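The values are calculated or read from the model by the stated rules, or taken from the named source; none is laboratory data. Computed from a predicted model, the values in this text were never measured in an experiment. Note: ideal-geometry Cβ built from the backbone for every residue, glycine included; neighbour counts use all protein chains shown. These accessible areas exclude ligands, DNA and RNA; they are computed on the full protein's heavy atoms, side chains included. Shrake-Rupley method; radii C 1.70, N 1.55, O 1.52, S 1.80 Å.
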Amino acid sequence: PNEDDEWKTDPEENADEYPLEDDDDEKAPAFSKQGSGAKTIFVTYQFRHFDDDYVVVKSIGEPGQFGIAYECYLRSDSQQTRRCVKEINKARFHHINNDARDDILRTMQNEIAILRKVEHPNIVKLYDVYEDRHKLHLIMEFLPGGELFARICEKESFSEREAARTLKQILEALDHMH
């Protein structure tokens, strides 16, 4: 099959059922919404509804280019251990050209695959992925400290000791990944 086959619509496809897994995990498949000709873009093979298993507590930070982060917890967790969910609205993918969209989808697939495998104290943990026709949800470790860049900007000065400690953590994480 050629690359154009990936984007063809299938009138027999049920929009609420995820298709069987393809052998080629490198592609970001798209499937049609029955009868409309509109394409639904899938990033992963994790077709599940986030709201079935999680409760959203509040939003975290500002919305990004494709989505927003929320504090959440697993419904079945009696202790309501906080996690973070990055919610990505897939409708935004339809407003960019095909080549750029393909690049973004491959990058997202790679990021998810890497985060699933990596275990390190200085790299955020990816717990799970949920995806439905409209949204992709990445369930991650909740890190209440905020972003490093914001912390650096807030400080009047950054001591050499603080800078060395932070840089050491970053370099240890990079070393672990390579």
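Only one of the numbered conditions (1) in contact with a Pro (Cβ under 9 Å, 6 or more places away or on another chain); (2) under 24 Å from F42 (Cα atoms) is not met by R82, and that is (2). Between E87, E119, the distinction of being open to solvent by 30 Å² or more (accessible area, probe 1.4 Å) and touching a residue at least 40 places away in the same chain (Cβ under 8 Å) belongs to E87 only.
Can you say whether E160 is of a type in the set (D, E) and surrounded by 12 or more Cβ atoms within 10 Å (Cβ to Cβ), as far as the supplied structure shows? It is false that E160 is of a type in the set (D, E) and surrounded by 12 or more Cβ atoms within 10 Å (Cβ to Cβ). Out of curiosity, is F66 farther than 15 Å from D128 by Cα, in contact (Cβ under 8 Å) with a residue 24 or more places away in the chain and of a type outside the set (A, V, I, L, M)? For F66, the condition - farther than 15 Å from D128 by Cα, in contact (Cβ under 8 Å) with a residue 24 or more places away in the chain and of a type outside the set (A, V, I, L, M) - is met. Of the residues making up the stretch 58-70, those that are more than 24 Å from R106 (Cβ to Cβ) and either surrounded by fewer than 16 Cβ atoms within 10 Å (Cβ to Cβ) or modelled with pLDDT under 95 (or both) are K58, S59, I60, G61, E62. When you check R101 against the structure, is it open to solvent by less than 80 Å² (accessible area, probe 1.4 Å), more than 19 Å from Y130 (Cα to Cα), touching a Phe, Trp or Tyr at 6+ places or on another chain (Cβ under 8 Å) and modelled with pLDDT of 85 or more, yes or no? Here the answer is yes, as R101 does meet what is asked.
Give me a count of the residues in the stretch 55-89 that are of a type in the set (S, T, N, Q), under 21 Å from L148 (Cβ atoms) and part of a loop (DSSP other than H, G, I, E, B). Of the residues in the stretch 55-89, 1 are of a type in the set (S, T, N, Q), under 21 Å from L148 (Cβ atoms) and part of a loop (DSSP other than H, G, I, E, B). The one condition from (1) among the polar types (S, T, N, Q); (2) without any contact (Cβ under 8 Å) to a residue 12 or more places away in the chain; (3) open to solvent by 90 Å² or more (accessible area, probe 1.4 Å) that T107 does not meet is (3).
Failed condition for P11, given (1) modelled with pLDDT under 50; (2) in contact with a strand residue (DSSP E or B) (Cβ under 8 Å, 6 or more places away or on another chain); (3) surrounded by 12 or more Cβ atoms within 10 Å (Cβ to Cβ), with all others met? Going through (1) modelled with pLDDT under 50; (2) in contact with a strand residue (DSSP E or B) (Cβ under 8 Å, 6 or more places away or on another chain); (3) surrounded by 12 or more Cβ atoms within 10 Å (Cβ to Cβ) one by one, P11 breaks only (3).
Within the stretch 94-114, the only residue that satisfies the criterion of being part of a loop (DSSP other than H, G, I, E, B) and β-branched (V, I, T) is I96. From the list R151, R82, R92, the lone residue that is in contact (Cβ under 8 Å) with a residue 12 or more places away in the chain, open to solvent by 80 Å² or more (accessible area, probe 1.4 Å) and within 30 Å of K168 (Cα to Cα) is R82.
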